C-alpha cells in the first residue's frame, strides 16, 4: 500500500524471562521478548503485513523497534510508574516514527486503553486506527488476528465517515449536493437513468483508491467531499476534500487535477496539483496519501459471479491500494473460491484453539492448586450448574459448525443434572476453572461464528427450497428440501449472486469500510428486493460499515424511503 503506515503492538505481560526452564540473557531483542499468545500473534501479524514498519509500545521503554534490546521489567501498565509521555514522544521522533501518514494499533480498549490513549496522543498528525478497540476479550482479538492472517489482508477500522457529496459539472451540466446519513450508515441514491448515480459511485471509488487516471476520464468538473470523524468532540466540525479539474489548454486538451484537504478545526490545509501528462506513480501516490483520507472502499457492480483469484485489492491505476501488475489472470467461480475461503478460516482457528487448549490443560493442575491455596472465591453450586448448562449449549453450536467434535453421551445422560454438584470448595473450584478455561478456548471462534450465523440466516430466508449450512469439510453445504445435496456451482445465477454478495459483505468487509453498490436489484426478484435493505442493516450491525446504494427500484427501497436521496428533485412514486 502506498500509504505510509506504521503498526504499533503492545508489549506483552508474559516475557521470555518468565518462562520456566529458559535461561535467556539479561537483554534480548524486543521482537523476542514477549511470549504470550496475543504478543506472538501480533509479532507474526507484523512480520507478514508490516515487516519494515513495526514498533512495540512499552510503558517502561516507550516505542521499541523490533531489533532494539530490552531488559526484564515488571511495570506493564501506563500510570504513575511508567515512562513520562514527553520522553515517549521524543524517542518516537528520534526513531523517525512521527513521519508516518497512518498508524494502526493492535489492542482493545478493555485491556489496552492506556496504550491506545498514548498512541493517539503521540501521532496527532497521522490517521490513527484501532481495529481491535471494541473486541470483548483476548480470545476475540486473537480470533480476528488469525482470520486476518488467513485471508491475507490487514485489519482496518476507519474513523472518518463521508457525510456529504457535492459534484459539479457532471456530464458538463448537472450539479448534485447530496447529504448522506452517516449516523445510520445507510444512504440510498435514487433517480431515473441519466442523472449520474453510477458515475457518482465511480468517482467515490476512484478518489479513495487514488485512481487519477479514472478521475481524469470521468465526466465531472469538481467534487467536494465532507467528513465527520469519530474522534471529534465538536459535532459541527467537518473535514473537507476538494477535487477540481482545471483546463490548461483546449488544443490539445490538457486538464490538471487539484486535490485540497482541510481538517475541520485546524489551520493546516494540504494540497497537491497533478498536471496533465505522464507522472511518476510513486511520487503521486505519496502525495495523495497525505491528502486523501484512508477510507477503505468496496465497489460492487453487477458482475459478481467470476473473479480473478490472483487479483487482490485493486485494478491498474489504483495508487492507494495493493496491486500486482505482473500476475496472470486465473478466473474461477467466486462461489467456489468463497467455499474454500471459509474452510481455511475455520481450519486456522482450529489450529489456534488446539494450541490454547494444550496450554490451558498443561497448566490446569498448578492453577487449581494455587486457587485453593489463595482461597479464590467461586460461585455457588447452583450458579455453577447454570453456567454448565449455558456452556454445553455454546459447545453444541460449535459442534454443529464442525469447529468441535460431537460429544457422545449415552441416552438419558446429561452433562450435570441439578443437585449433583456438592457444596465443597475444592469441587466448585475445579469446575469453576474448567468453565473459565472452556470459555477462553471458545472465545477465538466468537467473531467468525457470529458471521456464519448471519450468513446462514440470510440465505435460508431468501432461498425457498435450499438450505445452507457452513461447515469445515465442504464450506457451503447446500441441500434441496433439506435432504438432496446441491453443488454450489449448480445454483442459479441469481442464487449465486446472492450468496457471493452477502459472503463478501459479511466476511470480507472491515469496520468503517465504505461499501458502494450499484443497482443491487439486478438478479433479484421482487421478494428478494424487498428484503434487501433489512438484510443490509443486519450486516451493518456486525461489520460497522457504511453503505451507499444507487438504485431506481421502488421495490428494493420498500419501506426505507427515509434513507433515500432523489437526484431528480422529485420524490419517487411509492405506488
Percent RCO, i.e. relative contact order, over the chain, from Cα pairs under 8 Å lying at least 6 residues apart
15
So what's the gap between the Cα centers of segment 29-107 and segment 482-539, to the nearest angstrom?
41
DSSP beta bridge pairing in segment 419-575, given as percent antiparallel to the nearest 5:
65
So what is the relative contact order for segment 252-305, in percent, with contacts set as C-alpha pairs under 8 Å and at least six apart?
30
If the chain between residue 427 and residue 260 were fully stretched, how many nm would it gain, using 0.36 nm times the residue separation less the Cα-Cα distance?
53.4 nm
Roughly speaking, what is the stretch gain from residue 457 to residue 508, that is 0.36 nm per residue apart minus the C-alpha to C-alpha distance, in nm to one decimal?
16.6 nm
Helix 37-49 vs. the chain, principal-axis angle (Cα, 0 to 90°, nearest 10)
30
Using Cα atoms only, what is the angle between the long axis of helix 526-543 and the major principal axis of the chain, expressed in degrees (0 to 90) to the nearest 10?
60
Ranked from fewest to most other Cβ atoms within 10 Å of their own Cβ, 561, 528 fall in the order 561, 528
Average projection area in nm² (convex hull over Cα atoms of segment 339-446, one quarter of hull surface)
7.8
Quick calc of log₁₀ I(q)/I(0), segment 383-518, Debye, one scatterer on every Cα, no solvent, q values 0.11, 0.17 1/Å, result -0.58, -1.00
Answer with a single label: of [x] 17, 47, 30, 5, 0; [y] 20, 43, 28, 9, 0; [z] 16, 34, 26, 16, 7, 1, 0, which was calculated as P(r) over Cα pairs in 20 Å bins from 0, in percent from the structure in view?
[x]
With labels modelled as points extended 7 Å from the Cα through the Cβ direction, what inter-label distance (nm, one decimal) is found for residue 481 paired with residue 60?
6.9
Restricted to the chain, the DSSP antiparallel beta bridge percent, nearest 5, is 65
Given the Cα-Cα distance of residue 175 and residue 439 and 0.36 nm per residue of separation, how much length would full extension add, in nm?
89.5 nm
Divide by every residue of the chain the summed helix terms, -39500 (n - 2.57) for each DSSP H run of at least 4, and state the resulting mean residue ellipticity at 222 nm, rounded to the nearest 500 deg cm²/dmol.
-12000 deg cm²/dmol
Once the Cα atoms of helix 381-401 and of the chain are each reduced to a long axis, what angle between those two axes, in degrees from 0 to 90 to the nearest 10, is obtained?
50
Can you compute the modelled spin-label distance between residue 372 and residue 137, with each label point 7 Å from Cα toward Cβ, in nm?
2.6
Quick note on 133, 69, ordering by fewest other C-beta atoms within 10 Å, gives 69, 133
Cα centroid distance between segment 216-230 and segment 333-349, in Å?
36
Listed peptides 427-433, 367-373 by packing density, highest first (mean Cβ within 10 Å):
427-433, 367-373
Take peptides 49-56, 173-180, 356-363, 506-513 and line them up by average Cβ neighbours within 10 Å, highest first, as a rough protection proxy.
506-513, 49-56, 173-180, 356-363
Once both label points are put 7 Å beyond Cα along the C-beta direction, the residue 355-residue 121 separation in nm becomes 3.3
Convex hull per residue volume in Å³, alpha carbons only, for segment 1-96
102
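Bear in mind that the values in this text are calculations on the coordinates, not laboratory data. The shown structure was predicted, so the numbers you read here are calculated from the model rather than taken from an experiment. All Cβ positions, glycine included, derive from the backbone under ideal geometry; neighbour counts span all protein chains shown.
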